[in-house]
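Undergrad: The structure under discussion is supplied below as structure tokens; questions concerning it will follow.
None of the figures in this text is laboratory data; all of them are computed from the coordinates on show. Just so it is clear, the structure is predicted and the values come from calculations on it, not from any experiment. Using ideal geometry, Cβ is built from the backbone for each residue, glycine included, and neighbour counts are taken over all protein chains shown.
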Ligand SMILES: [Mn+2]
């Protein structure tokens, strides 16, 4: 272990201790963001309902969270929303939805909740991260995804904005991002050192160029195979939290998982995270005590082949969120303070029956 790693571990331990009490009274706000215009498939707007139906609120309550479900936001479709540059689809509609969402996230964070946003497609992260940064400008981002979602409006081949949100957020990229209708309200809030990708395995050529040229840290599936998820998380925290403790924004695309685990999603890519790798990531993020907002996006109940596919994908989403918020595979020791003994367990009536 290097000196820096040792120091980081020490720092993280002290934060954990400081947050132990906070965990018991953890307040979590859930925002439903039923939005689909950042990509081509219908159905992803039903993601929030699918995740709620898989028992999200009950699960979070059962692990000790105080849950405030603010319900689903309403997103208007802007009329005559023409292509930008003959390529980028629904710019005004996506821009407006993200603005509405940013305001809500801002409000929820200001009120002191941990903010959970249920997507919806990944273009929404532009709104959640912007809104989060309006309250906590020093935040960092962990982006768990099969894709980097970092095309610019000038490099995208599909024109879908769910493949572009990161390019709008990075300060260093702004001379490459044209002003597009619907997005004038956005202030880029991140530097390239403030974001780490995990799970990548399907990158466009321009995205590869951007990651390399701007020296953005990413742990691809190959890298996870090479060094293991434990090292990946250690290095991630060393980069993002090693110098100072600050809020984490986790943007989790369900397609980071292998499609065998999360089949109901729009852009599945074979060779993704195992269940254990995904849950390890979220457990470690919880253990930092610094998670302030998380997005769970791209669950599309219309795309499962069977209802089992949809159930598997939605309950995986619930597991990810719960594990971000304290559900653990370790002994949690909740509720029970003492084991029952025969003396305390039997009521008098039973005792009498035993005598007979
Ligand atoms: Mn994504």
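Undergrad: What's the percent breakdown of Cα-Cα distances in the stretch 194-288 across 5 Å bins, shortest bin first?
TA: The distribution over the stretch 194-288 is 3, 12, 22, 25, 21, 13, 4, 1, given as percents.
Undergrad: Top mean-square fluctuation among 143, 185, 41, Gaussian network model of the chain, C-alpha springs under 10 Å?
TA: Highest fluctuation among the options: 185.
Undergrad: Given just the C-alpha atoms of the stretch 231-356, how large is their convex hull per residue in cubic angstrom?
TA: Dividing the Cα hull volume of the stretch 231-356 by its residue count gives 187 Å³.
Undergrad: When the chain is modelled as a GNM with alpha-carbon springs shorter than 10 Å, which of 180, 150, 30 fluctuates the most?
TA: Largest GNM mean-square fluctuation: 180.
Undergrad: Nearest 10 degrees, 0 to 90: what angle lies between the long axis of helix 307-324 and the longest principal axis of the chain (Cα atoms)?
TA: 80 degrees
Undergrad: Give me the extension gain from residue 336 to residue 53: residue separation times 0.36 nm, minus the current Cα-Cα distance, reported in nm with one decimal.
TA: Between residue 336 and residue 53, full extension yields an extra 99.0 nm.
Undergrad: Name the residue, out of 220, 307, 315, whose mean-square fluctuation peaks in a Gaussian network model built on the chain with Cα pairs under 10 Å.
TA: In the Gaussian network model the winner is 307.
Undergrad: Per residue of the chain, what 222 nm ellipticity follows from adding -39500 (n - 2.57) for every DSSP H run with n ≥ 4, rounded to the nearest 500?
TA: After summing the helix terms and dividing by residue count, I get -12500 deg cm²/dmol.
Undergrad: Let me ask something else. Compare the peptides 90-102, 237-249, 257-269 by average per-residue count of other Cβ atoms within 10 angstrom and give them in order, highest first.
TA: By packing density, highest mean first, the sequence is 90-102, 257-269, 237-249.
Undergrad: Compute the distance from the alpha-carbon center of the stretch 67-115 to that of the stretch 295-317, in whole Å.
TA: Here the answer is 22 Å between Cα centres.
Undergrad: Would you give the gap between the C-alpha center of the stretch 239-291 and the C-alpha center of the stretch 128-201, rounded to a whole Å?
TA: What the calculation gives is 17 Å, centre to centre.
Undergrad: Shifting gears a bit: Using a Förster radius of 25 Å, what is the FRET efficiency between residue 311 and residue 275 based on their Cβ-Cβ separation? Nearest 0.05, please.
TA: Plugging the Cβ-Cβ distance into 1/(1 + (r/R0)^6) gives 0.95.
Undergrad: Normalise the Debye intensity by I(0) for the chain, one equal point scatterer per Cα, no solvent, then take log10 at q = 0.15 Å⁻¹ and round to two decimals.
TA: Per q value, in the given order, log10 I(q)/I(0) is -1.31.
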